[in-house]
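Written out below as structure tokens is the structure these notes cover.
The values are calculated or read from the model by the stated rules, or taken from the named source; none is laboratory data. Note that the coordinates shown come from a computational prediction; the quantities given were computed from them, not determined experimentally. Cβ sites come from the backbone with ideal geometry, for glycine too, and all protein chains shown count toward neighbours. Just the protein is used for accessible areas: all its heavy atoms, side chains included, with ligands, DNA and RNA removed. Shrake-Rupley method; radii C 1.70, N 1.55, O 1.52, S 1.80 Å.
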Amino acid sequence: MLLFVSCNLRAELASIPALKTRVTDLTQSLTPEQQAQLEAKLAAFEREKGSQIAVLIVLSTAPEVIEQYSIRVVDTWKLGREKPDDGILILVAKNDRKMRIEVGYGLEGAIPDLIAKRIITEIMAPSFRQGDFYGGINQAVDKLIGLVSGEQLPAPAAPKSDIGNLGDMFFAIFFGGVILGSICALFSVNFWGVCSMGLQLVCWFG
């Protein structure tokens, strides 16, 4: 009986959306243009610093309080890098009129609970009261970026360019062809016939 009640309570918890973008608005409080601007800013910051900031706007976290829901979100999304634990979640529950900033352990020195609370009460809440959700979130993001930028964190991993990937693929094909040609020559097999067939397969799947 107890197990059945527990399962029902778990089934009624608010769902957590998949992490597809850095800005997830389930309430349509932001216009597509505003979402795009925030997304571009957060992406640029992530490339430069390595830390990750995500924004989630939901209607309600009920039956959970926002603190419990935010923990489930960060556990599911796994924001930031694992070793420095430098992810940040900005969570807004619109109908509940609740906000929370969840900070990874690696950034608690730069953004302690007191600072996170001040960002909510002094920056986000006043804008939200005027119906300006974008303004409140954008200013909060700017403040968080400024605080994190002063921290000594591991450098972000350099993304591998498409040109580099193509070069590696060409080298692998060429090197493989040389080896295959040597093997085929030993067994008097027409190397060019085999090689041309291999290149056709590459092009077909490319």
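The residues of the stretch 127-158 that are farther than 23 Å from Asp86 by Cβ and touching a residue at least 40 places away in the same chain (Cβ under 8 Å), listed by number, are Phe133, Tyr134.
Mind listing whichever residues of the stretch 99-111 are more than 17 Å from Val74 (Cα to Cα) and surrounded by 13 or more Cβ atoms within 10 Å (Cβ to Cβ)? Of everything in the stretch 99-111, just one residue is more than 17 Å from Val74 (Cα to Cα) and surrounded by 13 or more Cβ atoms within 10 Å (Cβ to Cβ), namely Ala110. Within the stretch 122-150, being modelled with pLDDT of 95 or more, outside any loop (DSSP other than H, G, I, E, B) and of a type in the set (S, T, N, Q) holds for Ser127, Asn138, Gln139. Considered as a group, the residues in the stretch 28-41 that are open to solvent by 20 Å² or more (accessible area, probe 1.4 Å) and within 24 Å of Asp96 (Cβ to Cβ) include one that is nearest to the chain's Cα centre (by Cα), and that residue is Gln35. Comparison of Lys83, Lys41 shows that the only residue that is among the charged types (D, E, K, R), more than 15 Å from Met124 (Cβ to Cβ) and part of a helix (DSSP H, G or I) is Lys41.
Before we move on, is Lys94 touching a residue at least 24 places away in the same chain (Cβ under 8 Å) and under 20 Å from Gln34 (Cα atoms)? Criteria met by Lys94.
Going through (1) over 11 Å from the mean Cα position of the chain (by Cα); (2) modelled with pLDDT of 95 or more; (3) not in a helix (DSSP H, G or I) one by one, Leu89 falls short only on (1).
Taking (1) among the aliphatic types (A, V, I, L, M); (2) at pLDDT 95 or above; (3) part of a helix (DSSP H, G or I) in turn, Ile101 satisfies each apart from (3).
For the stretch 154-161, check the following and say yes or no: at least one residue is touching a helix residue (DSSP H, G or I) at 6+ places or on another chain (Cβ under 6 Å), assigned to a loop (DSSP other than H, G, I, E, B), farther than 25 Å from Pro32 by Cβ and not hydroxyl-bearing (Ser, Thr, Tyr). No, because not a single residue in the stretch 154-161 is touching a helix residue (DSSP H, G or I) at 6+ places or on another chain (Cβ under 6 Å), assigned to a loop (DSSP other than H, G, I, E, B), farther than 25 Å from Pro32 by Cβ and not hydroxyl-bearing (Ser, Thr, Tyr). Picking from residues in the stretch 42-92 that are over 20 Å from Ile137 (Cα atoms) and of a type in the set (Asp, Glu), the one that is least open to solvent (accessible area, probe 1.4 Å) is Glu64.
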